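Visitor: Would you mind keeping the following structure in view while I ask a few things?
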Amino acid sequence: MAAIVLFGGCGLLPSDFPADPDGTLDRVRTEGVVRAGASPRPGWVEVATGDPTGREPELVEAFAEDLGAEVEWTVAGEEELVRLFEAGEIDLAVGGFTDTNAWVDKVGLTRPYVSTHVLMVPMGENAWQSRLERWLDDNGGG
């Protein structure tokens, strides 16, 4: 009750948290598209022809399906994926990234879903990251 009074005085409700300043989760649900980036990494992300395959692309496809969305893939190196995050052009990225990723000051990282492996997400899109992490907790571990 105290939380409702506290947040209500600010015009906010507890259901407003976590929030996405750029509306990633709402956009994905409305448009039905997850814009995913993939950086090739043997054992995690394979890129030959067509859409990426492997453990992490399968996770992304299943997560998108859970949201009622399709995946649009962009294959690029890590530096280009970070640029795409900064431009607001992708929603998440896979590439066998670990929690000691060099891009931590430019992108958000999920908590590790297996060992030290994480997915990249847009910095500050907390509702999106929270939804993805809850899904990974239930579906991506081990």
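Visitor: Let me know the shape class of the chain, please: from the alpha-carbon gyration tensor, a ≥ b ≥ c as square roots of the eigenvalues, rounded when a/c is under 1.5, otherwise prolate if a/b is greater than b/c, or oblate. All intermediate terms of the calculation are to be shown ahead of the outcome.
Guide: On the way: a/c = 1.87, a/b = 1.82, b/c = 1.03.
Verdict is prolate for the chain.
Visitor: Related question: According to the square roots a ≥ b ≥ c of the eigenvalues of the Cα gyration tensor, what is the shape class of region 17-63, taking rounded for a/c under 1.5, prolate for a/b larger than b/c otherwise, and oblate for the remainder? Don't jump to the answer; show the numbers that get you there.
Guide: Values: a/c = 2.88, a/b = 2.30, b/c = 1.25.
Judged from the Cα gyration tensor, region 17-63 comes out prolate (a/c at least 1.5, a/b above b/c).
Visitor: Another question, then. Given a Förster radius of 35 Å and the C-beta distance between ARG134 and GLU79 as r, what FRET efficiency does 1/(1 + (r/R0)^6) yield to the nearest 0.05?
Guide: 0.75
Visitor: Still on this structure: From the Cα gyration tensor of region 39-86, with a ≥ b ≥ c the square roots of its eigenvalues, which class applies: rounded if a/c is under 1.5, or else prolate if a/b is larger than b/c, or else oblate?
Guide: Numbers: a/c = 1.99, a/b = 1.22, b/c = 1.63.
Because a/c hits 1.5 or more and a/b fails to exceed b/c, region 39-86 counts as oblate.
Visitor: Which net charge results for the neighbourhood of ARG55, defined as the other residues with beta-carbon distances under 13 angstrom from its beta-carbon, given Lys and Arg at +1 and Asp and Glu at -1?
Guide: Spelling it out: positives minus negatives among the neighbours equals -3.
Visitor: Can you tell me the length gained on complete extension of the stretch ASP51 to ASP66, counting 0.36 nm per residue apart and subtracting the Cα distance?
Guide: Separation in residues times 0.36 nm, less the Cα-Cα distance, equals 3.5 nm.
Visitor: At 0.36 nm per residue, minus the direct Cα-Cα distance, what do THR100 and ALA87 gain on full extension? Give it in nm, one decimal, please.
Guide: Once the chain is fully extended between THR100 and ALA87, it gains 2.4 nm.
Just so you know, all these numbers are worked out from the coordinates, no wet-lab data involved. All values reported here derive from a predicted model rather than from experimental measurement. Note that each Cβ is placed from the backbone with ideal geometry, even for glycine, and that neighbours are counted across all protein chains shown.
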